[in-house]
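Each reported figure results from applying straightforward, stated rules to the coordinates on display, with no laboratory input. In this text, all values refer to a predicted model and were calculated from it rather than measured experimentally.
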Amino acid sequence: MVEDSHPFPVYLPPLDIRRLYDAFDTPVTDVDCGQMCAPHNPAGVPFCCDICHAVPPAYRQEWDYVSTVTDLWHEWRGDECAAEPVDPASLREQTPAHMRLLACLGAPRCRRAFRLLSCRQFPFFPYITADDRFIGLAYFWDFSAQCWVIHNLERVTDDFRRAFVATYDYIFSIWQEEYEAYADTSEEMRRYFAARRRRIPILHRNGRNYLLSPASERLRRIDRFTTAPVG
Ligand code: SF4
Ligand code: SF4
């Protein structure tokens with residue numbers, strides 16, 4: 001058991017994790033994007049499933065669920081990436097109190113039914129404007145160099161977009177702290193893109209695609225994402 005680095009009580013609303021997983025089980029694109037990026041990873045597995053590149057975060061409620069129904073997951077120790085073991089304390093300090101960092105058995109032993117929400121939503125997070133609206137999907141920009149999806153945003157399916165929005169509409173309706181955590185991530189993205197004088201690609205909840213000014217948050221509708229991703 002990994003020591004809990006957050007001694008203060010954390011508000012955790014009850015979540016029916018199985019129901020959330022079943023409702024958000026839609027592939028991101030109409031092709032298996034793992035097949036597109038894995039050949040570019042020396043480890044031969046998708047980058048987002050490679051513990052040397054990404055440590056999956058889980059809601060504590062997810063850990064409570066998966067730890068009782070599957071041996072797919074264990075709490076991240078920091079030594080799973082043999083090439084580059086790290087002190088787990090360093091990353092845990094940056095992890096919100098309502099999350100756990102986990103590691104799975106690896107891509108060859110993935111069990112789709114027990115993927116975390118963070119597996120299902122990758123590479124996207126819910127984008128929240130400065131004036132407090134969840135308008136759609138933005139990507140985790142620090143994965144721009146590795147993730148094929150980020151370079152092919154127009155391949156994201158409408159079904160995935162709908163399932164993503166429905167999942168977070170529900171979570172935000174009962175969990176203000178999680179909404180605020182993503183509001184902070186969105187603000188960080190605005191700062192990052194503003195410093196580079198670039199607009200933020202948004203897969204809007206209305207089904208259309210836009211570029212968003214990080215300064216004014218004005219949206220410009222586009223037919224295709226043509227510029228290279230920022231990251
Ligand atoms: S989401 Fe991105 S990193 Fe993950 S498998 Fe698909 S292309 Fe690869
Ligand atoms: S559970 Fe599956 S999708 Fe999630 S990180 Fe592990 S291999 Fe990837």
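Data overview
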item: Degrees, to the nearest 10: 60-69 long Cα axis against longest axis of the chain; result: 50
item: Per residue Cα convex hull volume in Å³ - calculated over the stretch 64-133; result: 146
item: Centroid-to-centroid separation of the stretch 106-170 and the stretch 40-103 [C-alpha atoms, Å]; result: 17
item: Computed P(r) (all Cα pairs; the stretch 1-144; 5 Å bins; percent); result: 2, 8, 16, 21, 22, 17, 10, 4, 1
item: Length-normalised contact order of the chain in % [C-alpha pairs under 8 Å, at least 6 apart]; result: 21
